[in-house]
Each structure stands twice: as structure tokens, then as C-alpha cells.
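Read the figures in this text as sums done on the coordinates, not as results from a lab. Model, not experiment: these values are computed from the prediction. We place every Cβ from the backbone using ideal geometry, glycine too, and count neighbours over all the protein chains shown.
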Amino acid sequence: MAEPELIFTRLAGEAGRGHLLVVGPSLGTSVEALWGAAARVLGESLEVVGWDLPGHGRSAPTAEPFTVEELASAVRRTTNALMRERRRDVSYAGVSLGGAVALCLALEPGPFAQVACIAGAARIGQAAGWQDRARLVRRAGTPVVVSGSAERWFAPGFVDRDPAAANRLLLSLSDADDESYALACEALATFDLRARLGEVGVPLLVVAGEHDVVVTLDLAEATAVAAPGSRVEVMAGCAHLPPAEDPVGTAAVVLEMVKENARG
């Protein structure tokens, strides 16, 4: 296994100025499709930079296996490189697989003063399910999982309310590289931080969607209870992708996290 190469993209805010927020994607999404609307709101106060999974969005495909911990190491390394020229406060917020990365960063934060795990948990799903999905995508391609993902990702009524946002996200899934997606599934199959949550050493915000069937409120609360200095925020009307389903609400929750740390 090897630390993957990830492409970082500035989504909003003034380059090189003020607090830096690094945001991470969910499996199957580009960071721009997922975070674009929320980043425009956050950009009024912060610089927002996002990263893409291998073979998703702007990041190149890979044929090399990787772990969630190696994704976190790549995010930490690249963020440190961004910080070299100018000392700045920096936070992280990630969704689902990007939220799993958040938990890894909470254990070994490096430059991050605080992290938000959105629609993520210390263990997501079961190994067999992820391995089955990896085999399916290698055989039939990412378009085969679009229908099921649409059912899991969005709260009832969202597709009718904002079809453009839903289509952008589903297109980013169908465009994702098959092998890279399968390798990300296999990374989730081996991911389990439940025994290490007591080692969390920075403020941790756990954000759960009210209608999320992937990472339920019970799972989010169990993660927060086990991690010292953490709290749970529930996003009403959201399922698995709060930054796209409720950009303004998600931006407000993340910005409050940043402000709370600044006050401390």
C-alpha cells in the first residue's frame, strides 16, 4: 500500500488569507459537486480548499491499494505544505469516507486545530458489503451503483427540490474511475477506529443527517460518546450528504465549530 496522491482545489474565499478550512468528499463524489454550494457560503469568512479521492473529480486514478489512514496522511502532508509559506489556523471537515479521514486526523491532527466528521463514524458498514461492492464495480463499472447511491445519499424530496445538485453528484459518481472506486470500498472494508476513539486529542464535531441510513444517528452518537471533547449536531431534513442537501445549514454548523475554537 502507498500514500495516494490527491489533488487539492480552492473552492472559495481569499487565497492565502485568514482561517483555512480543508474539506473532504464522500465516496463517489467530487469535492466540488459535494461542497461547492456550502463553500460559497463559508468563503465569506474562510478560505475553503477541498481534496478529491483517487479517480474522483480532479485526482488521477490509481491502481495501488490504499487505506483510510493513508488518505489522512496525504491530507495532512499536503495541508502542511500549504501552510509552509504563512502560519494560519486550519480546520478540517469531511463527509462519509472524508469523515472517516476526519477521525484519523483527530487522532493525529498535525496542523488541524479541530475536525468535523460529517455522516461518518469509526466503523461504516460491514467488510463483506464493501468487498461485494468493489467486485460489482470492477465487473460492471460505477454507473451500476448510481441508483442505489441516490436512494442512500438523499433525504426524501431532495431530488425533486434540487435536481441540478442531485444530478451533479450522481454524474460525479458515474464518472469516477472504476478501479479507484473499488479500492476506496476496500479501504472502508478494513477501516475500524472504535478502539482508538479515546485517543482523540482535538475538538471533534460529529454531524449526523436526520434521515441518514448509512451512518445513523445512533452510530454518530456512539462515535461522539467514545471520543473526548466531542459533540453531535443533527442536520434536520438531511440524509448522507448534508453539504449538498443543506449548504447554508452545514456552513453554519462548521463555521460555529471554527468560532468556538477561536473563542477558546
PRE zone check, label point 7 Å out along Cα-to-Cβ of ARG161, amide N under 20 Å, scope the stretch 226-253, hits 233-253
Expected vector for the stretch 49-65, Karplus 3J(HN,Hα) from phi with 6.51, -1.76, 1.60 and θ = phi - 60°, integer Hz, x for Gly and Pro, equals 10, x, 10, 10, 4, x, x, 10, x, 8, 7, 5, x, 9, 10, 9, x
Rounded to the nearest whole number, the per residue volume of the convex hull around the C-alpha atoms of the stretch 127-185 in Å³ is 72 Å³
Which of (1) 22.8, 72; (2) 16.6, 51; (3) 19.3, 56 gives Rg and Dmax of the Cα atoms in Å as computed here? It is (2)
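Please identify the longest segment of the chain free of exposed trypsin sites (Lys or Arg not before Pro), where exposed means a DSSP state other than H, G, I, E or B and no more than 11 other Cβ atoms within 10 Å. Before the final figure, lay out each step's value.
On the way: sites that count: ARG17, ARG84, ARG86, ARG87.
Between the exposed loop sites, the longest stretch runs 88-264.
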Answer in debye to the nearest 20: the dipole magnitude of the chain about its Cα centre, from +1 Lys/Arg and -1 Asp/Glu charges placed on Cβ, is 460 debye
Long-range alpha-carbon pairs in the stretch 29-102, meaning those over 19 Å apart, account in percent for 39 percent
Extension length gain for ARG77 and GLU210 (0.36 nm per residue less Cα distance), in nm, is 44.5 nm
Dividing the mean separation of Cα pairs under 8 Å (6+ apart) by the residue count of the chain yields a relative contact order in percent of 23 percent
Taking Cα pairs closer than 8 Å and at least 6 residues apart, the relative contact order of the stretch 171-230 in percent is 35 percent
Heads up, the stretch 162-264 by the C-alpha gyration tensor (a ≥ b ≥ c square roots of eigenvalues; a/c under 1.5 rounded, else a/b over b/c prolate, else oblate) looks oblate
Once Lys and Arg are counted +1 and Asp and Glu -1 for all other residues with Cβ under 12 Å from that of VAL146, the total becomes -1
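Below 8 Å between Cα atoms, with a sequence gap of 6+, how large is the relative contact order for the stretch 102-190 in percent? Could the numbers behind the result be given before it?
On the way: 62 pairs, mean separation 36.9, N = 89.
Relative contact order, the stretch 102-190: 42 percent.
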So ARG87 and VAL146, fully extended at 0.36 nm per residue minus their Cα-Cα distance, gain in nm 17.1 nm
